[in-house]
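Everything on this sheet refers to the single structure shown next.
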Amino acid sequence: MLVRQFLIDSYSGFDHLFNWGIDRWEVFRYSGNAGSELAGDRVWERFVRLWEDGGRLVGVAHPEDGGDLHVQIDADHRYLENEMFAWGEEHRSPGQVAGALSTWVRAHDSHRREVLRSRGWKRIGLDGYTRRRSLLTPLPAGPLPDGYLIRSLDLMGDRDAEGRAAVSRAAFGTTRTAEMARVLASAPSYRPDLDLAAIAGDGTFAAYTTVWLDEVNRFGVLEPVGTHPDHRRIGLASAVMAEGMRRAAALGAETAYVGCGDDPGVNRLYEKVGFVDVDADELWEAPRSSG
C-alpha cells in the first residue's frame with residue numbers, strides 16, 4: 001500500500017504516465033502473483049527494494065516477470081537511479097540470474113538511457129508503447145454486434161470468475177483459474193463496475209477489459225484488453241473499451257491509458273478508438289551476471 005500511494009503521489013512530477021500506475025502494481029501482485037497470494041507465501045516481496053528520504057518513499061526497484069527489473073522514481077530524486085540499478089544488478093531474482101536482466105525505458109528519457117549506458121546495458125530496440133487519449137473529447141460509440149451484451153462482473157460468483165479466467169486463457173494463453181480470478185477482486189483499486197465483459201448469446205465471455213481508476217490524478221488505465229480468438233474482428237474489443245472509457249469519464253477521469261506491444265493490428269485498434277498520443281518503450285539488457 002505504501003508503494004501504491006507513492007505511484008499516485010509521483011504521477012504529478014511528470015507530464016505523463018512515467019512510473020507504473022496503480023493498475024500495474026496491483027495486477028503484478030493480485031494477478032501475476034495470484035498463486036503466491038493463494039499459497040500465503042508472497043515470494044515476490046523478497047525482491048522489492050525501497051528508497052526513502054526523510055522517511056518519505058522516493059524510489060522502488062522490483063521485478064515483474066522472471067527476468068526484468070523496474071525502477072519507479074520520484075521526479076526530484078532521479079539522481080538515485082544509478083544506485084537503484086546497481087542494487088538490481090546485484091540482487092537478482094532466480095529468473096533474472098537464469099537469463100538476461102532486462103528493463104524498459106521511455107524512448108524520450110535521455111537521463112535513464114545514459115544511466116544504463118554507463119553501466120554497460122545495451123539497447124535492444126523498441127518493444128511496445130504506452131498510449132493515451134483524453135476523455136474530455138467525444139468518445140467512440142463502440143457499437144456492439146448483434147447477439148452480444150456488455151455487463152460488469154461479479155468475480156465472487158462462480159460463473160463470472162470462471163468466465164473471466166476462461167477468456168484470459170483463450171486470449172492470452174494464461175493459466176488463469178477461477179480461484180485466481182477471485183484474487184484479483186481483492187486488489188484495493190478493483191471495482192466490479194469497471195470490470196467489463198462482452199458476453200455472447202451462449203454465455204461465452206467473448207471480450208473483456210478492466211479499468212483501473214486513479215481518482216486523485218483523474219485517469220484510468222485499461223488493463224488488460226482481450227478478445228477470445230473465436231470472437232475477434234467484429235468490434236468487441238472496441239465496444240468494451242468504449243464502455244469502460246464512458247464509465248471512467250462519468251467517475252471523473254479525464255485521461256485514459258493503455259499499454260501494448262508492437263503488433264500492427266492491435267495498435268490500429270487503439271488508434272481507432274482515439275489512443276493516438278504515444279510513448280515508445282525501449283528494451284534494454286544488462287551485462288550477464290558472473291554469478
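So the values come out like this:
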read-out: Amide H within-cut-off set for A206, under 5 Å, with H built and near neighbours excluded; value: A198, I199, A200
read-out: Förster radius 30 Å - calculated FRET efficiency between N82 and S134, Cβ distance, rounded to 0.05; value: 0.25
read-out: Degrees, to the nearest 10: 81-90 long Cα axis against longest axis of the chain; value: 90 degrees
read-out: Over the chain: helical MRE at 222 nm, DSSP H runs n ≥ 4 each giving -39500 (n - 2.57), nearest 500; value: -9000 deg cm²/dmol
read-out: Intensity falloff of segment 134-279 expressed as log10 I(q)/I(0), Debye formula with alpha-carbon point scatterers, at q = 0.09, 0.12, 0.18 Å⁻¹; value: -0.25, -0.45, -1.06
read-out: Cβ-placed point charges (K, R +1; D, E -1), dipole of the chain about Cα centre in debye, nearest 20; value: 380 debye
read-out: Environment charge of G142, counting only residues whose C-beta is closer than 13 Å and scoring Lys/Arg +1, Asp/Glu -1; value: +2
read-out: Projected label distance in nm at E215 and R232, using a 7 Å step from Cα toward the beta-carbon; value: 3.7 nm
read-out: Under 10 Å, Cβ to Cβ, from F85 - net charge with Lys/Arg +1 and Asp/Glu -1; value: -2
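Bear in mind these aren't lab numbers, they're just calculated from the coordinates by the rules spelled out. The model shown is predicted, which means the values in this text are computed figures rather than measured ones. Heads up, the Cβs are rebuilt from the backbone with ideal geometry, glycines too, and the neighbour counts pull from every protein chain shown.
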